[in-house]
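Notes for the one structure printed next.
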Amino acid sequence: MGVSYCPKRKIFHLQAGEMSYVIKIYHQAYLSHLYWGKRIKDVNESNQLQFKYRLFSPQPEGFDRTFSLDTLPQEYPANNTDFRTPAYQVQFSDGSAVTDLKYKHFHIYKGKRKLTGLPATYIEEEEEATSIDFTLMDNQTGLQAILTYSTYEQSNVITRSVRFINHGDNPVSILKAMSASVDFRESEFDLLTLYGAHANECNLSRKRLTAGSHLIESRRGASSHQHNPFMCLAKPDTNEEYGEVYGFSLVYSGNFIAQAEVDQYETTRLSIGINPFNFSWHLGSGEIFQTPEVVMVYSYKGFSDMSRTYHELYRFRLARGQYRDCLRPVLLNNWEATYFKFNSDKLLLLAQEGKDLGIELFVLDDGWFGKRNNTKTSLGDWSVNKQKLPGGLKKLAEQINRLGMNFGLWFEPEMVSMESDLYRNHPDWCIQVPNRPKSLGRHQLVLDLTRVEVCEYIIESVSNVLLSAPISYVKWDMNRHMTEVGSLALPLERQRETGHRYILGLYYILEVLTTRHPTVLFESCSGGGGRYDPGMLFYMPQVWTSDNTDAISRLKIQHGTSLVYPPVTMGAHVSASPNHQVHRHTSLNMRGHVAMSGNLGYELDFSKLSQLEKKMIKDQISLYKEIRSIIQFGTYYRLLSPFAGNQAAWQFVSQDLSETVVMYFRMMAQSAEPFRILRLRGLNPEKEYLDKHTSLIYGGDELMYAGLSIPEMKGDYCSMFWRLAFEGYEKINNIEF
Ligand code: DGJ
């Protein structure tokens with residue numbers, strides 16, 4: 001296992017879990033890609049590369065005409081003599097942009113190094129991973145690139161990243177630096193991506209690759225609602241349970257690009273990394289540039305297995321802090337209940353109702369600071385609005401605590417309102433280009449996190465609030481994208497570094513704040529899932545999945561999100577009916593089931609509910625407390641896709657397989673509806689499971705192979721819930737937050 005080198009064949013064999021990844025050095029200079037797929041014992045080159053003269057594919061000087069980089073499968077291709085998408089491009093002080101990074105040496109080591117200033121997956125014991133660094137050098141200029149690969153011993157995961165070092169005397173400009181590029185010697189693939197919009201995140205796109213380039217990207221300054229930084233190639237016959245899948249997930253929260261290019265000889269090059277759009281990096285002599293990490297997952301057991309690999313890695317080796325392994329609290333958020341119209345009496349009334357129903361955490365959303373009564377004002381002025389909260393945050397939080405709940409608070413620290421003291425005092429502190437008008441989004445501007453003083457201001461102002469009251473949770477929001485991208489603090493040649501430097505500044509802030517406040521549970525949000533990416537998960541173990549709280553819309557959003565991200569990371573709230581975003585009426589039952597499929601919360605005015613509704617919510621919360629260890633820390637299976645038709649279903653199985661929770665959703669009522677069966681997954685076929693509702697007993701084998709009959713349902717928007725466990729099994733999982 002790990003990484004081995006065969007000097008005779010000049011072959012590196014990387015093994016991770018059940019997969020192999022093979023690299024060969026050609027002509028002492030070129031790292032070429034030989035294989036990535038199901039694990040093989042030894043590499044004897046049964047699939048050796050074939051060389052053939054191809055007119056219009058040039059040769060590097062001194063090589064015979066059958067050798068061309070234009071046809072060689074490579075690990076980190078340059079933009080010279082290979083006409084396919086390059087992995088990098090660097091401009092030198094003489095204006096030229098031709099490079100020839102050649103392999104020099106390698107270094108294999110146990111463990112996995114941290115990336116300076118960037119989030120990345122980690123290990124807890126050195127034995128968990130083996131890494132290899134390949135050093136490449138451009139002799140003429142002194143430019144060096146170190147390609148790092150880390151293989152996880154127990155899972156089908158290889159991570160990659162690249163470090164550029166300028167050993168030359170003159171500065172260079174990095175114009176493009178992908179985190180990874182992989183050449184597949186075939187093109188029979190489907191391409192899967194997650195696309196969407198605000199309040200409509202993570203739709204699933206699946207299409208057949210054809211000749212040419214297929215790309216997704218963000219140019220918005222954030223990973224975005226529009227495209228998640230994830231791409232997956234799958235064999236056309238792949239489904240949830242079966243087939244080969246190659247996943248690429250970028251641990252980054254800013255502009256990214258992921259591209260699959262099918263070339264003239266039906267090979268596929270997949271590359272992923274920081275978007276070269278509006279980017280360049282001035283690398284002075286002796287300086288280093290580090291790319292983000294990409295997490296590459298392989299499975300021959302379909303999408304479900306790929307997702308579980310990501311889920312496990314992101315739960316336990318990406319998320320950090322004390323909440324990584326803790327059950328998450330059931331919360332009540334006042335946003336959709338009050339919007340900006342609240343005062344402490346109203347909040348306390350809401351909180352009291354919440355407490356009676358079983359809520360554990362009360363979250364005060366937007367509107368508690370400055371003169372914030374609408375979206376036009378006060379971002380940046382993080383002092384409490386005494387008109388709304390005369391006793392301040394401390395008094396309110398203590399009152400909430402006395403009711404027996406924790407208190408949480410909303411911030412949007414990366415932004416500034418033009419109508420604020422912060423902007424009046426520091427108009428130069430926002431992202432801008434001199435002499436150009438500043439566009440507004442939601443009436444606000446983006447603070448310039450490339451400036452240290454701005455980062456320190458954010459750290460201190462958020463910290464001071466956190467120290468001023470017993471606050472145990474923070475919702476960290478971000479509600480606009482970047483325009484007129486530039487920084488008044490950066491020199492001319494560094495203006496195109498603004499986007500990436502912003503993200504580095506953000507990561508610095510988050511590192512300091514989460515370290516300084518280790519007992520606070522941080523939830524990230526960007527108008528919902530606008531920055532639902534592994535970079536943010538490194539600092540904050542949960543995310544507000546979408547501003548769309550409609551249960552029917554959420555089926556697709558949560559299903560799509562689960563392709564990469566585990567349910568424990570998904571904030572899911574029951575809100576009012578009709579829903580505030582799409583005005584749909586759905587039953588409380590259905591809303592409860594959808595929200596119980598992630599981190600359950602409520603976001604509606606409890607005082608407007610009937611006694612019956614309150615009783616139903618109380619029951620939902622107590623049920624959720626019984627099952628949440630399975631939802632949050634069990635294994636997740638997608639059973640039916642809402643993208644495929646009128647139904648959706650998913651299943652959660654406890655780690656010891658002793659208990660399972662199943663949810664089925666039927667969207668529209670249908671006449672002459674077929675009788676349907678739902679086949680479960682991941683159970684112990686040898687064991688008997690008791691249906692806790694009917695007290696009927698079924699074998700795990702029967703549930704998985706014969707399935708469960710879905711009872712008749714009446715009307716639109718219906719849901720079903722099953723909870724089955726080994727007979728006589730009682731688990732103590734009600735650990736308090
Ligand atoms: C956008 C968030 O996604 C909402 O949940 C809410 O916090 C608002 N911002 C508040 O302005």
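L175 meets all of the listed conditions (1) in a loop (DSSP other than H, G, I, E, B); (2) surrounded by fewer than 18 Cβ atoms within 10 Å (Cβ to Cβ); (3) of a type in the set (A, V, I, L, M, F, W, C) but one, namely (1).
Residues being surrounded by 15 or more Cβ atoms within 10 Å (Cβ to Cβ), of a type in the set (S, T, Y) and over 26 Å from T159 (Cβ atoms) are entirely absent from the stretch 15-22. Kindly check whether there is at least one residue in the stretch 481-495 that is closer than 24 Å to R220 by Cβ, within 16 Å of the ligand (Cβ to nearest atom) and modelled with pLDDT of 95 or more. Yes; the residues of the stretch 481-495 include at least one that is closer than 24 Å to R220 by Cβ, within 16 Å of the ligand (Cβ to nearest atom) and modelled with pLDDT of 95 or more. Here the condition is being out of contact with any Asp or Glu (no Cβ under 7 Å at 6 or more places or on another chain), more than 16 Å from the ligand (Cβ to nearest atom) and either of a type in the set (V, I, T) or without any contact (Cβ under 8 Å) to a residue 60 or more places away in the chain (or both); of R424, R436, it holds for R424 alone. Restricting attention to the stretch 362-375 and to residues that are touching a helix residue (DSSP H, G or I) at 6+ places or on another chain (Cβ under 9 Å) and not acidic (D, E), the residue that is nearest to the ligand (Cβ to nearest atom) turns out to be G367.
Out of K386, K394, K355, I need the residue that is without any contact (Cβ under 8 Å) to a residue 40 or more places away in the chain, touching a helix residue (DSSP H, G or I) at 6+ places or on another chain (Cβ under 8 Å) and either away from the ligand (no atom under 12 Å from the Cβ) or of a type outside the set (S, T, Y) (or both). Which one? After ruling out the rest, the residue left standing is K386.
In the stretch 522-536, the residue that is nearest to the ligand (Cβ to nearest atom) out of those that are crowded, with 24+ Cβ neighbours inside 10 Å and of a type in the set (A, V, I, L, M, F, W, C) is C525.
Would you confirm whether any residue within the stretch 328-341 is out of contact with any Asp or Glu (no Cβ under 9 Å at 6 or more places or on another chain), farther than 21 Å from P518 by Cβ, within 16 Å of the ligand (Cβ to nearest atom) and at pLDDT 95 or above? Scanning the stretch 328-341, I find at least one residue that is out of contact with any Asp or Glu (no Cβ under 9 Å at 6 or more places or on another chain), farther than 21 Å from P518 by Cβ, within 16 Å of the ligand (Cβ to nearest atom) and at pLDDT 95 or above, so the answer is yes. Against the test of being acidic (D, E) and touching a strand residue (DSSP E or B) at 6+ places or on another chain (Cβ under 6 Å), the options E453, E419 yield a single qualifying residue, E419.
Pairs, please: C-beta under 8 Å, at least 6 apart or cross-chain, first residue at positive phi and in the stretch 101-121, second in a loop (DSSP other than H, G, I, E, B)? As it stands, the answer is G111/I123, since those pairs meet every condition given. Could you please let me know if D183 is touching a Pro at 6+ places or on another chain (Cβ under 6 Å) and in a strand (DSSP E or B)? Yes: the conditions hold for D183. Note on the stretch 453-474: among residues that are within 13 Å of E414 (Cα to Cα) and in contact (Cβ under 8 Å) with a residue 40 or more places away in the chain, the one that is nearest to the ligand (Cβ to nearest atom) is V462.
The values are calculated or read from the model by the stated rules, or taken from the named source; none is laboratory data. Computed from a prediction, not measured in an experiment: that's the story for all the values here. With ideal geometry, Cβ positions are generated from the backbone for all residues, glycine too; neighbour counts draw on all protein chains shown.
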